[in-house]
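Participant: Structure provided below as structure tokens; questions to follow.
Each value in this text was obtained by applying a stated rule to the coordinates, not by laboratory testing. Worth saying up front: this structure is predicted, and the values here are computed from it rather than measured. Here the Cβ positions follow ideal geometry from the backbone for every residue, glycine too, while neighbour counts run over all protein chains shown.
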Amino acid sequence: MSAHLDGLPPTTPVEIWFQDVPRQARDEGPYRPEERPRAAMARRGTRPRQPADQRYDNAYLFGAICPARGVGAALALPDADTDMMQLHLDEISRNVAAGAHAVLLLDRAGWHTTAKLEVPANITPIFLPSRAPELNPVENVWEFLRSNWLSNLVFDTYDEIIDAACDAWRNLEADPKRITSIGMRKWAHIGHSP
């Protein structure tokens, strides 16, 4: 997968990007762990009510961050598949600094590894080991978004799901230092200067 890097001039700046796709949903049945109601402040001895939605609808927030630059690229999309991943790769490509090349670390979801993707020339994907979400700092970004803007909500429409996901991402992008703080991993940046 390093074919793109082999032909780069040695002076090309290299950016480290991390990518992942969580689901933002209104859901029937048991909660997935990341969608359980969050803790809320309440007077001692009382139990606060938490909203719960009994309908089913969801969207996917394709998100990627470059911690060294404190920037990100995201799209809220209706499905998680190859076509949507292609849109996201194109969006990441547009957000890589001019003249730079992005090394994109991502998991091994089927829509990430398919040969049907046309990876932009300024991106080289590197797949993280299977079942190792702790290596991907975007997992911490999702936790931050859920904790601050996406938890304990009931959405009346699909558009409200999309709007909430987009608003949460815009809030994150407005704070580049937060992106760097959440996403920087020494192991990914040893000997690297943006």
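Participant: With labels modelled as points extended 7 Å from the Cα through the Cβ direction, what inter-label distance (nm, one decimal) is found for residue 132 paired with residue 175?
Facilitator: With each label placed 7 Å out from Cα toward Cβ, I get 2.9 nm.
Participant: Quick check: net charge around residue 72, other residues with Cβ under 11 Å of its Cβ, Lys/Arg +1 and Asp/Glu -1?
Facilitator: Value of the local net charge: 0.
Participant: Along the Cα-to-Cβ line of residue 98, 7 Å from the Cα, sits a label point; which residues in the stretch 109-153 have backbone N less than 17 Å from it?
Facilitator: 122
Participant: Sticking with this structure for a sec: What are the ³J(HN,Hα) couplings of the stretch 151-165, residue after residue, when phi is run through the Karplus curve with 6.51, -1.76, 1.60 and θ = phi - 60°? Round to Hz, x for glycine and proline.
Facilitator: Coupling constants for the stretch 151-165: 10, 6, 10, 10, 9, 7, 9, 4, 4, 5, 4, 4, 4, 5, 5 Hz.
Participant: Counting only Cα, what are the radius of gyration and maximum Cα-Cα distance Dmax of the stretch 64-194, in Å?
Facilitator: Values for the stretch 64-194 (Cα only, Rg and Dmax): 15.1, 48 Å.
Participant: Here's a follow-up. If you rank 173, 143, 118 by fewest surrounding Cβ atoms within 10 Å, what's the result? Let's see the in-between values first.
Facilitator: Values: 173 16, 143 13, 118 9.
Lowest to highest Cβ neighbour count: 118, 143, 173.
Participant: How large is ³J(HN,Hα), in whole Hz, for each residue of the stretch 83-97 in order, when computed from phi with the Karplus curve 6.51 cos²θ - 1.76 cosθ + 1.60 and θ = phi - 60°, using x for Gly and Pro?
Facilitator: Values, residue by residue: 4, 5, 5, 4, 4, 5, 4, 5, 5, 4, 3, 5, 9, 6, 4 Hz.
Participant: Take the Cβ-Cβ distance between residue 156 and residue 87 as r, set R0 to 25 Å, and report the resulting FRET efficiency rounded to the nearest 0.05.
Facilitator: Values: r = 26 Å, r/R0 = 1.05.
FRET efficiency, residue 156 to residue 87: 0.45.
Participant: Can you work out ³J(HN,Hα) from phi for every residue in the stretch 61-76, in order, using Karplus 6.51 cos²θ - 1.76 cosθ + 1.60 and θ = phi - 60°, giving whole Hz and x for Gly and Pro?
Facilitator: Working through the residues one at a time gives 9, 6, x, 9, 10, 10, x, 4, 9, x, 10, x, 9, 9, 9, 8 Hz.
Participant: Only counting other Cβ atoms within 10 Å, I'd like 112, 101 sorted with the fewest neighbours first.
Facilitator: Values: 112 21, 101 18.
So the ranking, lowest neighbour count to highest, is 101, 112.
Participant: For the stretch 106-161, compute Rg over Rh where Rg is the Cα radius of gyration and Rh is the Kirkwood radius from the inverse mean 1/r over Cα pairs.
Facilitator: Ratio of gyration radius to Kirkwood radius: 1.09.
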